[in-house]
Every structure is written in structure tokens, then in C-alpha cells.
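**Student:** Sending over a structure as C-alpha cells; questions will come in a sec.
No lab work stands behind these numbers, since they all come straight from the coordinates. Note that this is a predicted model, so its numbers are computed, not measured. Here the Cβ positions follow ideal geometry from the backbone for every residue, glycine too, while neighbour counts run over all protein chains shown.
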Amino acid sequence: MAGLVLDGSNPDVGLLYDINGLAKDAPPWFDRAMAFTGEYGIMIGLVLVVLAAWWSVRGAGSAEDSVGSVAGLLWAPLAAAVALLVNIPIRGFVERPRPFLDHKGLEVLVTGKTDYSFVSDHATMAMAIAVGVFVAHRRLGVGAIALALLEGFCRVYLGVHYPTDVIGGFALGTAVALLLTPLALALLTPLVSAVARSPRLGPLVRSRAARERDRAEPGAGGIGGTRSLGIPEQRPDDNNLAA
């Protein structure tokens, strides 16, 4: 299946030449900036978005909201890792060469790419992280998705992927992040709840100011309590029913 797209009249190849052709008319400094952005910059940006979302959810809503959101944010990078693992057999099955191996005249701005092209690891990771952030924090998630789309554009601009490689990566990252979210949250939420109850590690889930606010609210058990995390408190007479 190495010859998925070899015909120059194919829209996939035509779009590849159109987007990559922009690099030929751009100044060298811009191409260098795009190379860094496409290889590292956007992924660094997504990490910063995850950290910004984590900082935000620690102090917003109820303690239970913080636990659920932090668990969702933990799932975002894990979803990217799982999606990359899923991509390994896909790449081996499709065996699609990099576009610069089959098409002449491309401006290749990143060297050393010897693995298969379909699907794009960068696009897969970026979209998996972005969708994971969107599940936990809608506003920042929209920005993360915009960064993921830019990552896809960069991969084609750099001449190392076909547009369909990127689209496939977007689909794979989204599918893994969304379909496995219920299972991931079922496993991560109890762990995050336990961390939230820890006097030392609790601020990783709920900010100190928010914890103080929780304690001040009437009927709130605080971040270390059980009612604020959605777990009903035991009544004093529960153990004395037999008496």
C-alpha cells in the first residue's frame, strides 16, 4: 500500500504542492521559524496550554469540578501517547513513503525523516492533546484545537507530509481522546481525588485560596472533606442501627 498517492493530478498532491510552494517564496528566516514551529514550537505551546488550563481549573467551580477537570487534563497527554502507539501498526500496514521521496520539486525544510508518512505523528499528538484539553476546559480547548490545526498546516508546509497524512492524524488523535475518555476518567478520577485529600499534594488539584473558600462555605467539607468531592458523609448513627 506504499502508493496511496503518486499521481500528480491527485488533489492530495496538488494541495501538497500549493502549501509547500509557499515556502519557496518565503524569506529564509520565515522558513526557519516554520521549521521550528512545526517540529517543536506548537508542541511546546500545547504543553503551556495544558499548564494554563490546570492552573485555571484548580481555583474554579467546586472541589468536585477541579477533580474532574484535573483528571481530564491528565488524560490529554496520555491520550497522545496511546494514539502514537495505535499509529505504529497503521504506519506499518500502509507503508506510505514521505512525499519528497515520490515527488520532485518540494521544498523540504526538515531533514532526517526516514520513517513512513501516514499518519502524521505530530498531527496525531497535537489533536489528541487538544481534544483532551477541550474536554476539561472549553475555552482553552478551542485555542488548543487551533494550535493542532496549525501543526497540520506546518507539516505540509515543511514538505514532510501529505495533507491526508495530517487529516488521518487529526482523526486518530480525536478518536482516541474521545472514545477512551470514559475509561480514562473512571481510572484517573479516584487517583486525583486521593491526591486532592492529601495535605501536601492537595494544592495540585485545588488551589489554597479555593480550599479556604470551600471551608468557608456553609455545609462544605473542604477539599480534605468528603462532601465537596461528591461523596456522601457518613451519619453518626449509621454504625448504631443494630442498637
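**Student:** Could you work out the relative contact order of the range 59-150? I mean the mean sequence separation of Cα pairs under 8 Å and 6+ apart, divided by the number of residues, in percent. Show your work: numbers first, answer last.
**Tutor:** Working: 93 pairs, mean separation 31.5, N = 92.
Reported relative contact order: 34 percent.
**Student:** In addition: Note down the relative contact order for the chain as a percent, whole number, built from C-alpha pairs under 8 angstrom at least six residues apart. Could you put the intermediate results ahead of the total?
**Tutor:** On the way: 374 pairs, mean separation 62.4, N = 243.
Dividing the mean separation by the residue count of the chain yields 26 percent.
**Student:** Something else: Among the GluC sites (Glu not before Pro) within the range 1-109, which fall in a DSSP loop and have no more than 13 other Cβ atoms within 10 Å of their own Cβ? Before the final figure, lay out the partial values.
**Tutor:** Numbers: sites: Glu39, Glu64, Glu95, Glu107; in loops: Glu95, Glu107.
Within the range 1-109, the qualifying GluC sites (Glu not before Pro) (loop, at most 13 other Cβ atoms within 10 Å) are Glu95.
**Student:** Say a site is exposed when it is one of the trypsin sites (Lys or Arg not before Pro), sits in a DSSP loop, and has at most 11 other Cβ atoms within 10 Å; what is then the longest site-free stretch of the chain? Could the numbers behind the result be given before it?
**Tutor:** Details: sites that count: Lys104, Arg200.
It runs 1-103.
**Student:** Averaging over all projection directions, find the projected area of the Cα convex hull of the range 18-189 and quote it in nm² with one decimal place. Could you put the intermediate results ahead of the total?
**Tutor:** Working: hull surface 40.5 nm².
For the range 18-189, averaging the hull's shadow over all directions gives 10.1 nm².
**Student:** Hey, another quick one. For helix 138-157, report the angle its Cα long axis makes with the longest principal axis of the Cα atoms of the chain; keep it between 0 and 90° and round to the nearest 10°.
**Tutor:** 20 degrees
**Student:** Can you give me the angle between helix 163-179 and the longest principal axis of the chain, using Cα atoms only, in degrees from 0 to 90, rounded to the nearest 10?
**Tutor:** Long axis of 163-179 versus the principal axis of the chain: about 10 degrees.
**Student:** I'd like the distance separating the alpha-carbon centroids of the range 109-156 and the range 14-42, in whole Å.
**Tutor:** So the two Cα centres are separated by 16 Å.
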